[in-house]
Amino acid sequence: MTKKTSIKIPISNKRLKSDITIYSPLAPAKTTVVFDSYWKFAVLRQEAFFNKLKNNGQPCTNDPIISKYKFTNAYRASDRVSQYLIRNVIYNKNLPDSPKEILFRIILFKLFNKIETWELLTSKLGGLTFEDYNFKAYDKILMAAMANRKTIYSAAYIMPSGQSTFGHLKKHSNHLKLIELILKDNTHDRLMHVRTMQGAFEILKNFPGFGDFLAYQFLIDINYSPITNFSESEFVVPGPGAKGGISKCFSDLGGLSNVEIIKFMTDRQEKEFDRLGLDFKNLWGRRLQLIDCQNLFCEVDKYSRVKHPEIKGNSDRTRIKQIFKINSKPINFWFPPKWNINDNITNQNVKTSLITTLD
């Protein structure tokens, strides 16, 4: 029987510095100054998000670090690539809406995780469907793109090549074979009938190249679709960046796991914002979920390299590589219908024509 972890946090209204102690049955977890910066960053990044909406996409933040460097949004689903996936890949009315076809599109898009690659394939092949899928046709297009020195993969995360499993010299060729394997394994049906998010995670993790981090990230994307309907606060897998952020926010975890820390942050978000006197504007009524708090740890890991260079954590990195660059393409924000927040976007006096941003 799993023993529940009880957490109590003594907070004084007069004490706004990061000297909070989290008590667990094993030992007290201790925070650093980065713990408060975690919440402040969430507010500043979300504030910048809404300011962009009000200013026709022009960046608007007084924070010199956020204005100079590239950071993902406080909510993962608000990022440009996620928005494209949701609207143009998953809920594309011009493409088949069967679970198998939707899963095919999600896996195809996410393996490359690059909008330009999806649009290249679409321009050459028309509507992308598994029914009409042909390995040689897809492989030829991607091979030609690489010959023309086009980048077909996003730098967001590194996909294993898959050569040891599928035997092709080119990474993309192996990934196309991985798509075939996933679809032929009746994965869409298995995902639809699994009862827990962790169970779905285990299904994906069993495929070649899917470690814990990638399996969880792909599952979050699949969960945007009608294939599954898990709560985003049901299950979380900390990635390397999140673990780095946790190590900077906490000098001692006090026996708590990284997963328990992320759950703690998700559960206490409103109380922490109140403690610091912060006005966090959530996503049109949707509070931060486990995946968002996990991602925020990744971003705070980067943010603190400049804000708190004295806090090293478990990482040797001292600078932020990606500089903020304006992307002039507008985003028409739209989220999975099952979240029931799309109507709230226009109900808050935000005109549809102004729902654009720049990442």
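The values are calculated or read from the model by the stated rules, or taken from the named source; none is laboratory data. For clarity, every value in this text was computed on a predicted model and none was experimentally measured. Heads up, the Cβs are rebuilt from the backbone with ideal geometry, glycines too, and the neighbour counts pull from every protein chain shown.
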Query - Count of residues meeting criterion [among the polar types (S, T, N, Q) and more than 27 Å from Q46 (Cα to Cα)] in region 77-106 - result: 3
Query raised in the report: Quick one: which of L178, L214 is within 15 Å of the chain's Cα centre (by Cα) and either modelled with pLDDT under 95 or assigned by TED's automatic domain parsing to the domain that holds Y133 (or both)?
Result: L214
Query raised in the report: (1) in contact with a Ser or Thr (Cβ under 7 Å, 6 or more places away or on another chain); (2) part of a helix (DSSP H, G or I); (3) of a type outside the set (S, T, Y); (4) without any contact (Cβ under 8 Å) to a residue 60 or more places away in the chain: which one isn't true of W118, the others all being true?
Result: (1)
